[in-house]
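Asks: Here it is, the structure, as structure tokens.
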Amino acid sequence: MIIEQLPIINLLLFLFMALIIPLLKRKPFKITLILGFIVLILVFISSGYLLWYVNNVEIISYTFGGHETRFGIEFLVNPFSALFTTVISGLALIIYVYSSGDKTEGIEKKEFGRYYVLLFILLLSMFGILYTNDLFNTYVFIEILSITTCAIISIKKKKDTYTSAFRYVMMNEIGSLSYLFGVALIYMATGFTNITLVSESIQTAFSAYPFNIIIALGFMIIGLGIKAAIFPFHIWLPDAHSSAPSTSSAILSAIVIKVYLLVMVKVLYSVFGLDILVEMNIPIILLILSATAMILGSVFAIAQKDVKRMLGYSSVAQVGYILLGISLLSLAGLEAAFFHIISHGLMKTALFLSVGEIIFYKKTRKVNDFDGMGFIMPVAMGVFSIAALGMIGLPLTSGFISKLNLGIAVLENNYVIFLVVLILSSLLNVIYYLPIIILAFLRNEKYHYRMTTIEHTPKTMITPLIFLAILIVALGLFPNVIMPVIESAAKTLIP
Amino acid sequence: MKEIIDIIVENINYIGAIALFLIGLRIVVIHTNLIKRIMGLNIMGTGVFLFFVAIGNVTGGVVPIVDPESANVIYINPLPSVFILTGIVVVVSITVYSLSLVIRIYENYNTIDQKELSDLISEENNDH
């Protein structure tokens, strides 16, 4: 059957594209761009079809080489992985279209090809992480993802990118090896690396070898926490995300850290199961971490003078929101977290891309230089404002819906204190996003209504931005369109 | 006393693996020399790999190459060793990548010491 092979075909399409780019070196660069666009469209369609298929027909399981799942690698396409691969490919498509007009800021012309090679391998590894149902295979894909993200940060020939990439690679590698240690301990106690088989035998393993499971849980949470920039381990994120080219920052902030959070969801819910987590008091620990992330991430963001660093710290706070939803261990909490992953993906992409456009034309990234920017670059600043209002959580944007869902989920579990933290964090968001909007649109009358000062930007950069803004508002107005898929994705993890 | 020594001897592989992991972690976190930190990463990785291989070991087992003539032989578990082959390749590629970054850092800053680097970077930021 061809449908069973679709997930592998998705991965192979990315790999094919990554391999063919160096071969097209002597041809005009447009051919590469168009081919990449076709590949992304194809993958988007096929993952969308898979999403429909697994929700309406059946879950797809594919074992490589026909080995038993005990020995071989299994790809599992369930509503969870199908939903997020669709989201990732959609966001990647938008960012790709933007990056083709952007001339990918700060990268030399002969490096363009390499940038796209890295981009496609990055997408390949993220798809692999989501599809695979094997803990060790997840590790391999995580490592591919680490190397390509580090390389995509350090591709810009600037001094500070090297040091921030080095810090990132060190932190990341500690995280990966911790995760691998956790896998080793689980393998020692259960004898499997396949997630389904592990989850069947983990309860007996827990009563026989409790220390193994506890230490494995600790190692895996810390390892994935470093990679997902959960609060005390976030120190690499602002440097790495601010020194990377704008399109890479968008990918890193909107997609890559989310993928690690999704792995964490998989590990917590499918591998260990709720009983062990509750027994170990993991939810309380994670809740406290997420609350500190929500407050301190926003507090750090207020102090930043550089827009991209500010957005980086804001991501730290947003990871806190998602972690809050995950650690409630309830269906409503998980749904809220999934919705926020999608809506934050849209908003952060919009923010980074619009800031990227401003950096591209105005060569400035200081918050103070945004004076009157709304009259010079109305589209970019308009999209920035919509996304920033979404981050604050104003009604009519998707940010409002995700905060509403989170608030309801928190109240369901009677954690009123975290509702207070949620509102406080939203107010802190106001403090650092609103001044930029005020500075750009409401001050400095000298640019007022003079069409000649408006910058002309290429259509390939403007269209994705407008599309993102429309999506943010549409998701805020009609959240029920995607709620059923999110619900079924959450239900695969909490039976 | 004898019991403790017995436990240590029995689990020497695991203890060695955890010791290597911790030594490596200490080097990565404490040292300021970038090359040494990469070495620490490798030591950490070796610790995890030793742990994995030690899981696969079966007392009295032989190499898992099936010989039809000799029946009733206990084989060691080959799966962890196979995992580790992949793991070694991954760590080598990470090492290569980070060493190439160190070369770039040295070309730009003329130092591979973390402390001097952060001093240089903060000086540059103050200049602007």
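Asks: Report yes if A:Arg26 is among the charged types (D, E, K, R) and farther than 30 Å from A:Leu334 by Cα, otherwise no.
Replies: Judged against the criteria, A:Arg26 is a match.
To keep it simple, each residue is scored yes or no on (1) surrounded by 24 or more Cβ atoms within 10 Å (Cβ to Cβ); (2) in a helix (DSSP H, G or I).
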site	(1), (2)
A:Ile41	no, yes
A:Gly48	no, yes
A:Val54	yes, yes
A:Glu58	no, no
A:Leu76	yes, no
A:Ser81	yes, yes
A:Tyr98	yes, yes
A:Ile121	no, yes
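Asks: Shifting gears a bit: Filter segment B:68-88 for residues that are under 28 Å from A:Cys150 (Cα atoms) and loosely packed, with under 12 Cβ neighbours inside 10 Å and give the result.
Replies: If the condition is that a residue be under 28 Å from A:Cys150 (Cα atoms) and loosely packed, with under 12 Cβ neighbours inside 10 Å, then B:Leu85 is the only one that fits.
Asks: Here's something else I'd like to know. Being without any contact (Cβ under 8 Å) to a residue 24 or more places away in the chain, among the β-branched types (Val, Ile, Thr) and buried (at least 18 other Cβ atoms within 10 Å of the Cβ) is the filter; apply it to segment B:17-42 and report the residue that is nearest to the other protein chains (Cβ to nearest Cβ).
Replies: Of everything passing the filter in segment B:17-42, B:Val28 is nearest to the other protein chains (Cβ to nearest Cβ).
Asks: Before we move on, is A:Gly113 more than 11 Å from every other protein chain (Cβ to nearest Cβ), part of a helix (DSSP H, G or I), at pLDDT below 85 and touching a Phe, Trp or Tyr at 6+ places or on another chain (Cβ under 8 Å)?
Replies: The answer is yes for A:Gly113.
Asks: While we're looking at this one, here's another question. Would you mind stating whether A:Leu91 is surrounded by fewer than 16 Cβ atoms within 10 Å (Cβ to Cβ), of a type in the set (A, V, I, L, M, F, W, C) and closer than 30 Å to A:Asn194 by Cβ?
Replies: No: the conditions fail for A:Leu91.
Asks: If you go through segment A:329-363 one residue at a time, how many are farther than 25 Å from A:Phe272 by Cα, in a helix (DSSP H, G or I) and not aliphatic (A, V, I, L, M)?
Replies: Here the count works out to 12.
Asks: When you check B:Gly47 against the structure, is it small (Gly, Ala, Ser), under 28 Å from A:Ile73 (Cα atoms) and without any contact (Cβ under 8 Å) to a residue 40 or more places away in the chain, yes or no?
Replies: So B:Gly47 passes the test.
Yes/no matrix, rows are residues, columns are (1) among the hydrophobic types (A, V, I, L, M, F, W, C); (2) within 13 Å of the chain's Cα centre (by Cα); (3) not in a helix (DSSP H, G or I):
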position	(1), (2), (3)
B:Asp6	no, no, no
B:Val9	yes, no, no
B:Val28	yes, yes, no
B:Arg37	no, yes, no
B:Gly40	no, yes, no
B:Met44	yes, yes, no
B:Ile55	yes, no, no
B:Asp67	no, no, yes
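Asks: Please find, within segment A:420-454, the residue that is modelled with the highest pLDDT out of those that are in a loop (DSSP other than H, G, I, E, B) and in contact with an Asp or Glu (Cβ under 9 Å, 6 or more places away or on another chain).
Replies: This residue is A:Arg443.
Asks: Right, next: Condition first: of a type outside the set (A, V, I, L, M, F, W, C) and either facing chain A (nearest Cβ under 10 Å) or within 24 Å of the chain's Cα centre (by Cα) (or both). Now tell me which residues in segment B:115-127 satisfy that.
Replies: B:Ser118, B:Glu124, B:Asn125
Asks: Only one of these is among the aromatic types (Phe, Trp, Tyr) and surrounded by 23 or more Cβ atoms within 10 Å (Cβ to Cβ): A:Tyr269, A:Tyr260. Name it.
Replies: The conditions single out A:Tyr260.
Asks: In this structure, is B:Asn77 in a helix (DSSP H, G or I) and either in contact with a Ser or Thr (Cβ under 8 Å, 6 or more places away or on another chain) or of a type in the set (S, T, N, Q) (or both)?
Replies: No, not satisfied.
Asks: Check every one of the helices (runs of 4 or more DSSP H) wholly within segment A:123-225 and list those with 1 or more residues that are more than 9 Å from chain B (Cβ to nearest Cβ), more than 24 Å from the chain's Cα centre (by Cα) and modelled with pLDDT under 90.
Replies: Where helices (runs of 4 or more DSSP H) fall fully within segment A:123-225 and carry at least 1 residues being more than 9 Å from chain B (Cβ to nearest Cβ), more than 24 Å from the chain's Cα centre (by Cα) and modelled with pLDDT under 90, they are A:159-190, A:195-208.
Asks: Then there is this: Answer yes or no as to whether A:Gly325 is in contact with a helix residue (DSSP H, G or I) (Cβ under 7 Å, 6 or more places away or on another chain) and closer than 22 Å to A:Ala489 by Cα.
Replies: It is true that A:Gly325 is in contact with a helix residue (DSSP H, G or I) (Cβ under 7 Å, 6 or more places away or on another chain) and closer than 22 Å to A:Ala489 by Cα.
Asks: If you take the residues in segment A:383-416 that are in a helix (DSSP H, G or I) and more than 23 Å from the chain's Cα centre (by Cα), which one is surrounded by the fewest Cβ atoms within 10 Å (Cβ to Cβ)?
Replies: A:Val416
Asks: Can A:Ala254 be described as outside any helix (DSSP H, G or I) and aliphatic (A, V, I, L, M)?
Replies: The answer is no for A:Ala254.
Asks: Filter segment A:226-251 for residues that are over 11 Å from the mean Cα position of the chain (by Cα), of a type outside the set (S, T, N, Q) and assigned to a helix (DSSP H, G or I) and give the result.
Replies: A:Ile226, A:Lys227, A:Phe231, A:Pro232, A:Phe233, A:Trp236, A:Leu237, A:Pro238, A:Asp239, A:Ala240, A:His241
Every residue, every condition in (1) closer than 19 Å to A:Ala229 by Cα; (2) at pLDDT 85 or above, yes or no:
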site	(1), (2)
A:Lys348	yes, yes
A:Phe360	no, no
A:Asp371	no, no
A:Gly382	no, yes
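Asks: Okay, next question. Determine which member of the set A:Ala240, A:Ala229, A:Ala303, A:Ala254 is free of Cβ contacts under 8 Å to residues at least 12 places away in the same chain and among the aliphatic types (A, V, I, L, M).
Replies: A:Ala303
Asks: Check segment A:102-109 and report whether any residue there is of a type in the set (S, T, N, Q), in a helix (DSSP H, G or I) and surrounded by 21 or more Cβ atoms within 10 Å (Cβ to Cβ).
Replies: No; the residues of segment A:102-109 include none that is of a type in the set (S, T, N, Q), in a helix (DSSP H, G or I) and surrounded by 21 or more Cβ atoms within 10 Å (Cβ to Cβ).
Asks: What's the number of the only condition in (1) surrounded by 13 or more Cβ atoms within 10 Å (Cβ to Cβ); (2) more than 25 Å from A:Ile174 (Cα to Cα); (3) at the interface with chain A (Cβ under 9 Å from one of its Cβ atoms) that B:Arg104 fails to meet?
Replies: (2)
Asks: To continue, here is another question. Do we have any residue at all in segment A:158-166 that's of a type in the set (Lys, Arg), under 30 Å from A:Met310 (Cβ atoms) and surrounded by fewer than 24 Cβ atoms within 10 Å (Cβ to Cβ)?
Replies: Yes, that holds for at least one residue.
Asks: Still on this structure, please answer the following. Answer with yes or no whether A:Thr69 is at pLDDT below 90, within 14 Å of chain B (Cβ to nearest Cβ) and more than 30 Å from A:Met461 (Cβ to Cβ).
Replies: Criteria met by A:Thr69.
Asks: Here's another thing I want to ask about it. Of the numbered conditions (1) hydrophobic (A, V, I, L, M, F, W, C); (2) out of contact with any Ser or Thr (no Cβ under 8 Å at 6 or more places or on another chain); (3) at the interface with chain A (Cβ under 9 Å from one of its Cβ atoms), B:Ile112 satisfies every one except a single condition; which is it?
Replies: (3)
Asks: Another question about this same structure. Would you call A:Phe29 modelled with pLDDT under 90 and surrounded by fewer than 21 Cβ atoms within 10 Å (Cβ to Cβ)?
Replies: For A:Phe29, the condition - modelled with pLDDT under 90 and surrounded by fewer than 21 Cβ atoms within 10 Å (Cβ to Cβ) - is met.
Asks: Select from segment B:72-95 the residues that are more than 7 Å from chain A (Cβ to nearest Cβ) and under 17 Å from B:Lys36 (Cβ atoms) and list them in ascending order.
Replies: Within segment B:72-95, B:Val91, B:Thr95 qualify.
The values are calculated or read from the model by the stated rules, or taken from the named source; none is laboratory data. As the structure is a prediction and not an experimental result, all values here were calculated from the model. When we count neighbours, we look across all protein chains shown, and the Cβ atoms used for this are built from the backbone with ideal geometry, even at glycine.
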